Amino acid sequence: MIPEETISEIRERIDMVALVGEHVRLVKKGSNHVGLCPFHAEKSPSFNVSAGNKFFHCFGCQESGDPFSFTMRIEGITFPQAVRQLAERTGVEIPESDRREDAAEARKRQRAQELGAIMEEACRFYELQLKEHPAASVAREELERRGVSPEIANLFRLGYAPHTWDALLSHLRQKGIPERDADEVGLLGRRRDDSGFYDRFRGRLMFPLRELGGAVVAFSGRVLPPPSGELKGDEPKYVNSPEGPLYHKGQVLYGLHEGRVETRRRDWAILCEGNFDLLALHQSGLSNSMAPLGTAFTAAQAKLLARFAKRVTLLFDGDAAGLKAVRAAQPMLAEFGLRGQVAQLPSGDDPDSFLRRHGADGLRELVGQARGIVEFLIDAAADQAGPSAAERAAAVEELGPVLATVRNSVEVQLYIDRVSQRFGLTDQRALRQQLRQGVLRGRRRPGDKPVKSQVDPRPEGVKLPRLQKELLGVLLDRPKLFATPEAGQLEELLTSAALRDVFRAARAAAQENGVLDVPALLSALENHEALPWLRESLALQTYRGRDDADQVLKNGIPLLAKSNREQKLRGLSREISAARQSGNNDLADSLMRQRELLVRGG
């Protein structure tokens, strides 16, 4: 558990505008800063950042929060991870409750930092070699041939591993980095006679793989012709880092770090297979693209992706291997609530080759025509089914597990109708029985989690009186005014029960130094009907920095009192009329006297 006072200290130290500004281009507008929301696609800026309250709010998608929630959303990390990340940023030390656990965790983090620094040093070395090594022209020519721009090469930190056995090894020795540590993270290999080490990557174009925070955890190296111009036949096209303390295959997505903000903004990701495919997609403007890198798409990657998007378009090669990859990805996408689509490339094409022939506009058009993944698999099964009855029945049976992942009964029926149409089957009872047979054959193992639906329990909000909102907003922007007599009068004049709740919670969260404890306020009103308005008010801060805020409150109190009195008079008039019509003259006379007293008092 991280102490609350530590969290508060981090929050106080953080520069909210600088933090958000690393991901959003902000423009100062009054006492706030505005920009395009990083969490949904928009053309007009509706994303507001309040420097004073350390708070953000989007009037478009209603997303809001403090520095920790912003970091969690933008980086796709947990609250403790966000706290530690912002603690490092602000220089706040996080105490641990259990010293033994703390020492073990500290040693683990220290070791990870040491190994991460080695990977970073190797990445910088490879980048420099690409620019300066005499033999790196073969790598630069390959990038030019592939149409990779210098901007994309710099963004993805591409590099070059020289065609020698010890270029990186010598560099690391000069830096005083232990060879065993470099071997531990997969940069070196051990000689067969155990006499020393050699560079694992030689004569290759280097693709660094970064985790969400940007740290380099692995490399993928594509073979290049040696300086002699001859390419050895036994060289694998790609060599990837082995698993180690920093890198676990199938748990990182190549390009997610570079494209995480755009993926979050669009709530949509494009999944491709190859390294150059990914670079080409980013260069064409589809920067919400990523790739598994050297492994089939895994459940861990689907879970990671679900933190950033709800829709995934698969852009795999248009061949049998690509179709196999789509089939394998479908149940994992469904398990984590990801709506899958397939953009089918022509046979023999990959995204890189398609782009070079049809251009960015052609690729965007292809992606825009993507079909739902279940529809795609139904059509593929029908197209590839053999002519015999047995072969076609087997193809239908294989679709059973696919349809079993769909949780909407209407969608299931529509898909069954599509299977019926594509296979020319009129007996739906027999069709369902064949599909059920496929489900039974591929039944999930005990303990497997069912597909979960994604539900956002965001409160709907409530209609609130305009003048009461405005005056309460003054207090939210200038918490010191809670101590004035006018604030006490306002509490009595608030006719909205929802706003009275906000007033009392805000007064309790107002500190003596005139600062509002925003997290405490939001926590006290969690799922409250006035929460949507409160978030907007905290983000806008209309009266922060205005010298006349107290005068606005003083002038507004009489106006609110008059408005309340007029509203009460209208209510009494309606009650008097209703009493007369029902023949209850005693009640009507009593109400008349109340009205007269109210008029005189005004």
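The values are calculated or read from the model by the stated rules, or taken from the named source; none is laboratory data. Since the model is a prediction, treat every value here as computed from it, not as a measurement. With ideal geometry, Cβ positions are generated from the backbone for all residues, glycine too; neighbour counts draw on all protein chains shown.
Observations on the structure shown:
- Qualifying residue in the range 194-201 (condition: closer than 26 Å to Ala300 by Cβ and acidic (Asp, Glu)): no
- Candidates Glu63, Glu120, filtered to the one that is of a type in the set (Asp, Glu) and farther than 30 Å from His163 by Cβ: Glu63
- Residue pairs whose Cβ atoms lie under 6 Å apart, sitting 6 or more positions apart in sequence or on different chains, and linking a residue in the range 283-295 that is under 15 Å from Ala153 (Cα atoms) to a partner that is assigned to a loop (DSSP other than H, G, I, E, B), are Gln283/Ser149.
- The helices (runs of 4 or more DSSP H) falling completely within the range 138-193 that include 1 or more residues that are in contact with an Asp or Glu (Cβ under 9 Å, 6 or more places away or on another chain), without any contact (Cβ under 8 Å) to a residue 24 or more places away in the chain and under 24 Å from Met290 (Cβ atoms) map to 150-155.
- Checking the range 562-583 against the condition returns a match, with at least one residue being touching a residue at least 40 places away in the same chain (Cβ under 8 Å) and either surrounded by 13 or more Cβ atoms within 10 Å (Cβ to Cβ) or aromatic (Phe, Trp, Tyr) (or both).
- Residue tally, condition part of a helix (DSSP H, G or I) and over 23 Å from Leu278 (Cα atoms), over the range 126-137: 1
- Residue count for the range 251-292, restricted to those that are part of a loop (DSSP other than H, G, I, E, B) and either crowded, with 24+ Cβ neighbours inside 10 Å or not charged (D, E, K, R) (or both): 12
- The condition (being free of Cβ contacts under 8 Å to residues at least 24 places away in the same chain, surrounded by 15 or more Cβ atoms within 10 Å (Cβ to Cβ) and closer than 26 Å to Ile7 by Cα) is satisfied by just one residue among Ala588, Ala506, Ala524, Ala539: Ala524.
- Of everything in the range 1-17 that is surrounded by 14 or more Cβ atoms within 10 Å (Cβ to Cβ), out of contact with any Asp or Glu (no Cβ under 8 Å at 6 or more places or on another chain) and charged (D, E, K, R), the residue that is nearest to Pro519 (Cα to Cα) is Glu9.
- Matching option when the condition is among the charged types (D, E, K, R), in contact with a Lys or Arg (Cβ under 8 Å, 6 or more places away or on another chain) and over 27 Å from Arg25 (Cα atoms), among Lys237, Lys303: Lys237
- Selection over the range 418-442 of residues that are of a type in the set (A, V, I, L, M, F, W, C) and touching an Asp or Glu at 6+ places or on another chain (Cβ under 8 Å) gives a count of 1.
- Annotation note: of Arg392, Arg422, Arg436, Arg407, the sole residue that is touching a Phe, Trp or Tyr at 6+ places or on another chain (Cβ under 9 Å) and of a type in the set (Lys, Arg) is Arg392.
- Gln341, sole failed condition from (1) surrounded by fewer than 19 Cβ atoms within 10 Å (Cβ to Cβ); (2) in contact (Cβ under 8 Å) with a residue 24 or more places away in the chain; (3) not in a helix (DSSP H, G or I): (1)
- The listed residue being part of a loop (DSSP other than H, G, I, E, B) and modelled with pLDDT of 90 or more, out of Ala309, Ala328, Ala296: Ala309
- Taking first residues from the range 360-377 that are under 24 Å from Thr405 (Cα atoms) and partners that are of a type in the set (Lys, Arg), the Cβ contacts under 8 Å between residues at least 6 apart in sequence or on separate chains come to Gly372/Arg339; Glu375/Arg418; Leu377/Arg327.
- Residue match in the range 377-388 (condition: in a helix (DSSP H, G or I), crowded, with 21+ Cβ neighbours inside 10 Å and at pLDDT below 90): no
- Test: Pro351 is under 14 Å from Cys272 (Cα atoms) and either touching a residue at least 12 places away in the same chain (Cβ under 8 Å) or in the same structural domain as Val419 (by TED's automatic domain parsing) (or both): yes
- Of the listed requirements (1) among the charged types (D, E, K, R); (2) outside any loop (DSSP other than H, G, I, E, B); (3) within 23 Å of the chain's Cα centre (by Cα), Arg109 misses just one: (3).
- Considering the range 18-50, and only residues there that are under 16 Å from Phe68 (Cβ atoms) and of a type in the set (A, V, I, L, M), the residue that is surrounded by the most Cβ atoms within 10 Å (Cβ to Cβ) turns out to be Val49.
- Looking at Leu355, Leu435, Leu363, just one residue is farther than 30 Å from Arg146 by Cα, of a type in the set (A, V, I, L, M) and either surrounded by 12 or more Cβ atoms within 10 Å (Cβ to Cβ) or under 35 Å from the mean Cα position of the chain (by Cα) (or both), and that residue is Leu435.
- Qualifying residue in the range 532-541 (condition: touching an Asp or Glu at 6+ places or on another chain (Cβ under 7 Å) and closer than 30 Å to Val34 by Cα): yes
- From the list Glu335, Glu411, the lone residue that is over 19 Å from Leu281 (Cα atoms), under 32 Å from the mean Cα position of the chain (by Cα), acidic (Asp, Glu) and not assigned by TED's automatic domain parsing to the domain that holds Gln428 is Glu335.
- Restricting attention to the range 399-417, the residues that are crowded, with 18+ Cβ neighbours inside 10 Å and either assigned to a helix (DSSP H, G or I) or in contact with an Asp or Glu (Cβ under 6 Å, 6 or more places away or on another chain) (or both) total 7.
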